[in-house]
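The values are calculated or read from the model by the stated rules, or taken from the named source; none is laboratory data. Keep in mind that what you see is a predicted model, and the values were worked out from it rather than measured. So basically every Cβ, Gly included, is an ideal-geometry build from the backbone, and we count neighbours across all protein chains shown.
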Amino acid sequence: MNLGVHQPARGDDLRPSLLIADDDAFVRSALSAQLAGDFHIVAVARSTTEAVALAEEHRPTAALIDVEMPGGGARTAVPQIVARSPDTCVVILSGDESREVVLELLTAGAAAYVRKGITGAQLSETLTAALKV
Amino acid sequence: MTPERPILDEVVIAGLESFGGDMLAGLVPLYFDQAAGQLSQLGPAIARGEALVVRDTAHSLKGSSSTLGASGVACISSELEAVAKSGDLSTAAELLGSLRSRLDETSDAFRDRTNSRSPGSPQR
């Protein structure tokens, strides 16, 4: 089974490109497997630093960023990604963070947030909806 | 302790199954391999009073458990994370024992699920 190994972009690939950032290997694999049908996953990051660097390198249509990661997490990554790749739609992947943290991230430029534990279909719908805003 | 939650979140698992049976079959062993490693880290960290390690490990286990639909493990991981955030690890060893038991129950529940869906198994 192919979990988290991504096919190279095809010329006629019309799926939005996506960066996934989470420090948990299992979560990265699960998200990649669930979203690979609707999105072209161009990069997977394991830390805040990687997330920012890969967003700048690939300039994906969307970036799904875990709140808590080594190096500061989404609170560090969101403003940097917004500054370095302004066309990227940043969506926050949260555990059970407080309303204040979520509001802070939305104010910093995140377009939406989703909670871990929702279905892949719901996650894909949220990402797609965020891209239309 | 918070009220006990179901061992499995059937909505999340059904969502994973909707991508085809291979996805869940591929993810379950990944999850248990990683969770076993995390539990083996938690014991020594609790014994040494390393609240930050306990917090981060419990947080990670909570996230992976929520993603797979292992809601019972996610719930206890969340409790352990909260305890570690408070800096008082006096109840952490007890929670780790609960976590081990719940992970075993979760493994059994996934195995039962797989067996009940195998060809030739009795229809439910």
*From the list B:ALA14, B:ALA74, which one is within 8 Å of chain A (Cβ to nearest Cβ), without any contact (Cβ under 8 Å) to a residue 12 or more places away in the chain and in a helix (DSSP H, G or I)?*
B:ALA14
*Applying the selection to the stretch B:56-70, what residues are at pLDDT 95 or above and farther than 18 Å from B:LEU30 by Cβ?*
B:ALA58
*Check whether at least one residue in the stretch A:14-31 is at pLDDT below 95 and more than 14 Å from chain B (Cβ to nearest Cβ), and report yes or no.*
yes
*Report whether or not B:LEU42 is loosely packed, with under 14 Cβ neighbours inside 10 Å, over 14 Å from B:SER107 (Cβ atoms) and in contact (Cβ under 8 Å) with a residue 12 or more places away in the chain.*
no
_Check on B:PHE19, within 11 Å of chain A (Cβ to nearest Cβ), of a type outside the set (Gly, Ala, Ser) and not in a helix (DSSP H, G or I)_ = yes
*Among the candidates A:ALA43, A:ALA36, A:ALA63, which residue alone is crowded, with 17+ Cβ neighbours inside 10 Å, over 21 Å from B:LYS62 (Cα atoms), facing another protein chain (nearest Cβ under 10 Å) and modelled with pLDDT of 90 or more?*
A:ALA36
*Just to be sure, is B:ARG55 in contact (Cβ under 8 Å) with a residue 60 or more places away in the chain and in a helix (DSSP H, G or I)?*
no
_Looking at B:SER90, B:SER18, B:SER65 in this structure, which one is among the small types (Gly, Ala, Ser) and buried (at least 16 other Cβ atoms within 10 Å of the Cβ)?_
B:SER65
